[in-house]
Amino acid sequence: MFTQIYQLDQLEKCDDIQRIKVITGVRRSGKTILLRQVKDSLRRRGVANNQIHFFNFSQLHRRQLIDWQTLAASINKKLIAKKVNYLFLDELNQLDHVLPFLHEMLKHPNVSLYITAASQSFLTRLAPLQSRLVVIPVLPLGFAEFCQHHRQPTSERTLYQYLNIGGFPFVQDVRDQLTRENYLDGVFNTTLVGGFTKHGALCNPFLTKQLAVFVAGQLGLPINASRAVKGLKEIGIPASSKTLSAYLTLLADTYLFYPCYELDLATNRVKPTNAKYYPVDPGLRNYLTNQKGVLSQTNLEALLFIELVRRGYFVYTNKRFTFIADRHQQRTYIQFSYSIRNQHEYDQAIANLRRLPTNCQKRLIVLRAADILTQDPAVPMSLLTDWLIEDQAV
């Protein structure tokens, strides 16, 4: 089992009974493994087994477990009086009446709650408890974790391998390409099944997959429902804008794709349409497009975006900059270039960054750069392979 050290450290730091720890992310990204590692950590600290309670709601749902009141009553019977009880609720988004259930659990002053969910809309359902939530996103392994797991140096060669294998934990030690593809097919299909369960009006897996294939082939380009209608119509798949808009929402809600909206810097408002959609993992993108993950501008831009999301940034796009990243009330303007071969290309790459006020955070990230460049000290430059392994910083 691969340890996601950063997320495990976050969970251990916020081991507070008053806060609900919510772990979110795409299916098979390691959320359940992370819960088990928290359990192991508790045991090492001397917590008794009967103080730790684990419920997998995907399995309970398949068994058609009764109503939430009966579930709460069964849990209450297991709690140890006068001791802290650690309650792990895996895939809680499968439970229909989650708020009354959680309110019932929160009545206990000695219960520490840990939740996993594979749905973005689940956080909306938890909005009334927002002040008590700590949300920790889990994505498939990033490049730094990939290098660590495979004991490989941070090089372009390793980056190429990562783009082709991806970061889902299970595929890391699978040598057979067909087995990897079958596994990713399973990830995609089980994700859709879970999504359809919670979106009763959506039930067309063929259309959903064709839409995902279309979106995965449009990296770096703004997409809306009308454009998706036109793209699918060209390959003989008719659908309305309203239908495809709903399915685009499903792809984002299940964390298969992350939308990146355009930020209007003049008004500081986000434009709600024409978002760019980036796949959660390069391996998933390869599976959908049936292509290798080459070291291209668009593939690396997608990798850069997902890494910013992994580090907790709210990320936007803009016509002047590759990305605008907000975190902890700090904004950073990022420009990405595949290659800078000479001074002229360097000056072009940072032209918009230079126009920003001097107190703005700026960063130029490149895959390759010439050795002899006169760099602007106000615009830090990083090689992508170095930036990807930096310690949670832009």
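Only the coordinates and a few stated rules stand behind these numbers; no lab work does. The structure presented is a predicted model; accordingly, all values stated were derived computationally and were not measured. Glycine also receives a Cβ, built like all others from the backbone with ideal geometry; neighbour counts cover every protein chain displayed.
Place the peptides 28-35, 284-291, 11-18 in order of packing, highest mean first, counting for every residue the other Cβ atoms within 10 Å and averaging per peptide.
Numbers: 28-35: 22.2, 284-291: 19.8, 11-18: 13.5.
Ranking the peptides 28-35, 284-291, 11-18 by packing returns 28-35, 284-291, 11-18.
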Among ALA370, ALA117, ALA228: highest mean-square fluctuation, GNM of the chain, C-alpha pairs under 10 Å:
ALA370
Kindly express, to the nearest 10 degrees and within the range 0 to 90, the angle between helix 68-78's C-alpha long axis and the longest C-alpha principal axis of the chain.
70 degrees
Taking 0.36 nm per residue of separation between GLU181 and ARG327 and subtracting their Cα-Cα distance, the length gained on full extension comes to 49.1 nm
Mean residue ellipticity at 222 nm from the helices of the chain, using -39,500 (n - 2.57) per DSSP H segment of n ≥ 4 over the full residue count, to the nearest 500 deg cm²/dmol?
-12500 deg cm²/dmol
Candidates THR322, THR267, THR358; GNM for the chain (alpha-carbon contacts under 10 Å) flags as most fluctuating THR267
So which chymotrypsin sites (Phe, Trp or Tyr not before Pro) in region 329-394 end up in coil per DSSP with only 15 or fewer other C-beta atoms within 10 Å?
none
Between ASN359 and SER240, what is the spin-label point distance in nm, taking each point 7 Å from the Cα along the Cα→C-beta axis?
5.1 nm
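Please give the contour-minus-distance gain from LEU265 to VAL193: 0.36 nm per residue of separation, less the Cα-Cα distance, rounded to one decimal in nm. Working shown, then result.
On the way: separation 72, 0.36 × 72 = 25.92 nm, distance 3.89 nm.
Extending this stretch completely gives an extra 22.0 nm.
Please state the relative contact order of the chain as a whole percent: Cα pairs under 8 Å, 6+ residues apart?
Numbers: 582 pairs, mean separation 55.6, N = 394.
14 percent.
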Counting just the Cα atoms, what span does region 5-137 cover along each of its three principal axes? Round to the nearest Å and put the largest first.
34, 32, 29
Which whole-number percentage describes the relative contact order of region 5-137, with Cα contacts under 8 Å and a sequence gap of 6 or more?
42 percent
Evaluate the distance, in nm, between pseudo-label points positioned 7 Å from the Cα of VAL84 and of VAL135 along their respective Cα→Cβ axes.
2.5 nm
Would you mind counting up the charge near LEU384? Only other residues with Cβ under 13 Å from its Cβ, with Lys and Arg at +1 and Asp and Glu at -1.
-3
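How much length is gained if the chain between ASP386 and LEU123 is pulled fully straight, taking 0.36 nm per residue apart and subtracting their Cα-Cα distance, in nm to one decimal?
On the way: separation 263, 0.36 × 263 = 94.68 nm, distance 3.34 nm.
91.3 nm is the gain from fully extending ASP386 to LEU123.
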What is the P(r) of region 305-394, as percent of Cα-Cα pairs per 5 Å bin from 0?
3, 14, 26, 27, 19, 9, 2, 0
For region 128-229 the trypsin sites (Lys or Arg not before Pro) that pass both the DSSP coil test and the at-most-11 other-Cβ-within-10 Å test are ARG151, ARG175
If each of ALA378 and SER41 carries a label point 7 Å out from its Cα toward its Cβ, how far apart are those two points in nm?
4.2 nm
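Given contacts defined as C-alpha pairs under 8 Å and at least six residues apart, what's the relative contact order of region 173-319, whole-number percent? Before the final figure, lay out the partial values.
Numbers: 154 pairs, mean separation 34.8, N = 147.
Relative contact order for region 173-319 comes out at 24 percent.
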Test of understanding: in a Gaussian network model of the chain with alpha carbons linked when under 10 Å, which of VAL111, VAL213, VAL193 would top the mean-square fluctuation ranking?
VAL193
